[in-house]
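This report refers to the structure that appears directly beneath it.
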Amino acid sequence: MWLEIILLAVLIDFVVREPPGTRLNPVVWAGSLIENIWRKFKHKNPVVERIAGILFALTLISLCTAFIYLLLELLEFNNLVYLFASAIILKYCIAISAFFDTVKPVKEALIANNLPMAREHVKHLVTRDVSRLNEEGVISATIESIGENICDALISPLFYFMLFGVPGAVAMRIINLLDGCIGYKTPDKKYFGWFAARLDDVVQFIPARITSLLIMASAILIEGNSWNSVMIAFRDYKKDDGINSGWSIAAMAGALNVRLEKPDTYKMGDSNEKLNVKKINDALLFIPVTLIIFIISSILVNWMV
C-alpha cells in the first residue's frame, strides 16, 4: 500500500495545497510550539542546557511519532480509512505545492524588476541576511533553497517512510523542524540546540546523498548537464559548513551550469550560464522529476527484494 499512500499524498497536496493562513497546518503548530517553549528549558550551565536540549528533542519526537503510530493502528480496521489517514499525514511531512507557492512571489518580483520586494519574499526561503543581495544573489538563494528542500522536505521524509512507514516520515519531519527552530549556531541556541542539529545531520546523511544522485539523474531530462552535475557535486560539496546540504546544492549548481553563492560562506559551481528567472523555473522542475525517479527506483528495489 506504500505506493498508493505516496501518490494519494501528492494528489492531496496539489488539490488542497496549503490551508489559508497555514492555521490548519500541524507542522506550523509544532514549529510554533517549539519556538514558544524552548527558552523555558534554558540553563546557565551549558552541560545542563545540553541535557535539557536532548531530552526536549527526544520527548517531542517520541510523543509525535507514538501518537501517529497509535492513531494509524486504531484506523487499521478499514483499509480505505487507513489509506486516506496515512496519505493526509504524509502530505504534511512533504512540501511540494507549498514550495512552488513560496517561490512564486520571488519570481514575480524579479520579473517586475522589484528587487526590494524580491528580497522580502526570499526571506521565507533562507535564513541569511538578504538586505544586500543583488538580483543574482536573490536567484542563487532561491535555487539553493530548492536544492536543500528537495532533500529536507521531500526525499528525506519519503526515505524514512519507505523504511518505517508514516511514523518514520513524521519523526524525520519533526527532527528537521527542530533543527530549523533551535539548531542554529547562535549564542542563545548553541547548547540547547546542539543535539537537534547533530541528530538532523545523522538522519539526513543517507538521504542527502540519495538526493544528490536523484538531481544528477534528473539533470538528464531537464538540463542535459548530468555529467557536470556529478563533477560539481563531488568537487564542491565540502564547501558548505554542514556535512549534508552541500551535496544537493552543488549537484543543482552543476545541473543548471551556474554558480550558486552564499556570501562569506561558499561558492559552488561555475558561472558558465547566467542566473535568471528561467533558472529558478528549471530548478523547480527538479522537485517533481526527482520525486518520480525516487518512486520508480523504490518500485524497482521492492520488486528486486
Taking the range 267-305 and keeping residues surrounded by fewer than 20 Cβ atoms within 10 Å (Cβ to Cβ) and hydroxyl-bearing (S, T, Y) leaves S271, S297, S298
Residue match in the range 241-253 (condition: acidic (D, E), surrounded by fewer than 24 Cβ atoms within 10 Å (Cβ to Cβ), over 15 Å from G147 (Cα atoms) and free of Cβ contacts under 8 Å to residues at least 40 places away in the same chain)
yes
Condition set in contact with a Leu (Cβ under 9 Å, 6 or more places away or on another chain) and surrounded by fewer than 19 Cβ atoms within 10 Å (Cβ to Cβ), scope the range 83-101, selection farthest from F159 (Cα to Cα): answer is F100
Elements of type helices (runs of 4 or more DSSP H) contained in the range 190-305, each with 3 or more residues being over 20 Å from the mean Cα position of the chain (by Cα) and not small (G, A, S):
194-222, 226-236, 277-304
With V15, V27, V48 as the choices, which residue is under 20 Å from F159 (Cα atoms) and either assigned to a helix (DSSP H, G or I) or in contact with a strand residue (DSSP E or B) (Cβ under 6 Å, 6 or more places away or on another chain) (or both)?
V27
Within the range 108-126, work out how many residues are farther than 11 Å from G137 by Cβ and not in a helix (DSSP H, G or I).
6
Determine the pairs where a residue that is assigned to a helix (DSSP H, G or I), located within the range 1-12, has a partner that is of a type in the set (F, W, Y) with Cβ atoms under 8 Å apart, the partner being 6 or more residues away or on another chain.
W2/F161; I5/F161; I6/F161; L8/F84
Can you run down the residue pairs with Cβ atoms below 9 Å, 6 or more apart or on separate chains, where the first is in the range 73-99 and over 22 Å from V27 (Cβ atoms) and the partner is part of a helix (DSSP H, G or I)?
E76/Y82; V81/L75
Is the range 212-235 home to any residue that is in contact (Cβ under 8 Å) with a residue 24 or more places away in the chain, within 23 Å of V170 (Cβ to Cβ), of a type outside the set (D, E, K, R) and surrounded by 15 or more Cβ atoms within 10 Å (Cβ to Cβ)?
yes
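Each reported figure results from applying straightforward, stated rules to the coordinates on display, with no laboratory input. Source: prediction; values computed, not measured. In this analysis, Cβ positions are derived from the backbone assuming ideal geometry, glycine residues included, and neighbour counts consider all displayed protein chains.
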